[in-house]
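Participant: A single structure is presented below for examination.
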Amino acid sequence: MPYLQLHDVHVHYPVKSAWGATGRIVRAVDGVSLTLEKGEVLGLVGESGCGKSSLSRAVMQLQPLTSGGIELDGELLSSLPAQKLRHRRPDFQMVFQDPYASLNPRFTIYSTLLEALTRRQSLTRSEREDAVAQLMLRVGLSPEHMYKYPHEFSGGQRQRIAIARAIAPRPKLLLADEPVSALDVSIRGQILNLLLKLTREMELTMLFISHDLLVVHHVADRIAVMQRGRIVEYGDAEQVFSHPQHPYTQQLLNAVPKL
Ligand SMILES: Nc1ncnc2c1ncn2[C@@H]1O[C@H](COP(=O)(O)OP(=O)(O)OP(=O)(O)O)[C@@H](O)[C@H]1O
Ligand SMILES: [Mg+2]
């Protein structure tokens, strides 16, 4: 059975003007059906405004669906009552584009990561430090920095912290929405490789979102190409990258700098 299934998902927003509702709607996600097998990395690619983030927020249950359904490991998330949903939250976690905005600047790394650990209540102080240290090592950070604050780290290190927080509850599904777009080009590869290493080690299923086909090609097993709220091409990553069928995919590919 697939681990994540999107069934004809629609996310529409009402268009508002200064005078209130206009009666018009934006079809940000307009009938998307996708399937992710356990352990698979699906790359979702498309230009700015095509609906990628709306789709990922819908999967995270941060955005109500206009219609359709989202099924995680056989359970229809979109119809779960709030309390049951809270129970399942640890299973699906997200990494955002801007690690600085997504980390609380007043919390040390220790506090941020501790809060993300599901079993923290039963741990002693030294066990807590140990658990945080393990997480930091896992994402390539030195535990001696656990009492520092986000501003004391570089952009790449901050994204490592955000990734550590996302894997702390031992999720099964990871959503990464443009996780390297805000980072210096020179460190993007390291962060992508870290995400790949973690998906293998933790048997994560990952939905990886980017506007950059080259980045998606680097990490994904399969690629879905999104245009104006719809999936216009879907297939094996190598196949889509080397033999794109849809004109829009060819256009995205032409925008990729030649190596
Ligand atoms: N909360 C909202 N209310 C109204 N319209 C929205 C809202 N969020 C997104 N939109 C609109 O929905 C469309 C899709 O936006 P979305 O952010 O999902 O695209 P995206 O592919 O993630 O873009 P980007 O690459 O810039 O992050 C856009 O036209 C956007 O303006
Ligand atoms: Mg977005």
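The values are calculated or read from the model by the stated rules, or taken from the named source; none is laboratory data. Nothing here was measured: the structure is a model prediction, and the numbers come from that model. Note that each Cβ is placed from the backbone with ideal geometry, even for glycine, and that neighbours are counted across all protein chains shown.
Participant: Are any residues in the stretch 36-90 away from ligand 2 (no atom under 12 Å from the Cβ), buried (at least 17 other Cβ atoms within 10 Å of the Cβ) and in a helix (DSSP H, G or I), and if so, which ones?
Facilitator: Ala58, Val59, Leu77, Ser78
Participant: For the stretch 211-241, how many residues are within 19 Å of Leu6 (Cα to Cα) and either at pLDDT below 95 or of a type in the set (Ser, Thr, Tyr) (or both)?
Facilitator: 1
Participant: Another question, then. What are the pairs, 6+ residues apart or on separate chains, where a residue within the stretch 48-65 that is within 21 Å of Asp91 (Cβ to Cβ) and touching a residue at least 12 places away in the same chain (Cβ under 8 Å) has its Cβ under 6 Å from a residue that is in a helix (DSSP H, G or I) and within 13 Å of ligand 2 (Cβ to nearest atom)?
Facilitator: Gln63/Arg57; Leu65/Ala58
Participant: Which residues, counting only those in the stretch 10-20, are within 12 Å of ligand 1 (Cβ to nearest atom) and among the aliphatic types (A, V, I, L, M)?
Facilitator: Result: Val11, Val15.
Participant: Among the residues of the stretch 218-226, is any in contact (Cβ under 8 Å) with a residue 40 or more places away in the chain, assigned to a helix (DSSP H, G or I) and either at negative phi or surrounded by 15 or more Cβ atoms within 10 Å (Cβ to Cβ) (or both)? Walk me through how you get there before you give the answer.
Facilitator: Keep residues of the stretch 218-226 that are in contact (Cβ under 8 Å) with a residue 40 or more places away in the chain, which gives 219-226.
When the remaining residues are screened for being assigned to a helix (DSSP H, G or I), the result is 219.
Of the ones still in play, those that are also either at negative phi or surrounded by 15 or more Cβ atoms within 10 Å (Cβ to Cβ) (or both) are 219.
Within the stretch 218-226, one or more residues are in contact (Cβ under 8 Å) with a residue 40 or more places away in the chain, assigned to a helix (DSSP H, G or I) and either at negative phi or surrounded by 15 or more Cβ atoms within 10 Å (Cβ to Cβ) (or both).
Participant: Do we find a residue being assigned to a helix (DSSP H, G or I) and at pLDDT 95 or above anywhere in the stretch 100-110? Step through it out loud before you land on a result.
Facilitator: Of the stretch 100-110, the ones assigned to a helix (DSSP H, G or I) are 100-102, 109-110.
If we keep only those that are at pLDDT 95 or above too, we end up with 109-110.
Yes - at least one qualifying residue is present in the stretch 100-110.
Participant: Is it true that Leu113 is surrounded by fewer than 19 Cβ atoms within 10 Å (Cβ to Cβ), in contact with a helix residue (DSSP H, G or I) (Cβ under 9 Å, 6 or more places away or on another chain), touching a residue at least 24 places away in the same chain (Cβ under 8 Å) and assigned to a helix (DSSP H, G or I)?
Facilitator: Values: surrounded by fewer than 19 Cβ atoms within 10 Å (Cβ to Cβ): no; in contact with a helix residue (DSSP H, G or I) (Cβ under 9 Å, 6 or more places away or on another chain): yes; touching a residue at least 24 places away in the same chain (Cβ under 8 Å): yes; assigned to a helix (DSSP H, G or I): yes.
The answer is no for Leu113.
Participant: I'd like to verify a number: residues in the stretch 47-72 that are more than 12 Å from ligand 1 (Cβ to nearest atom), on the phi > 0 side of the Ramachandran plot and at pLDDT 95 or above, how many?
Facilitator: The qualifying residues number 1.
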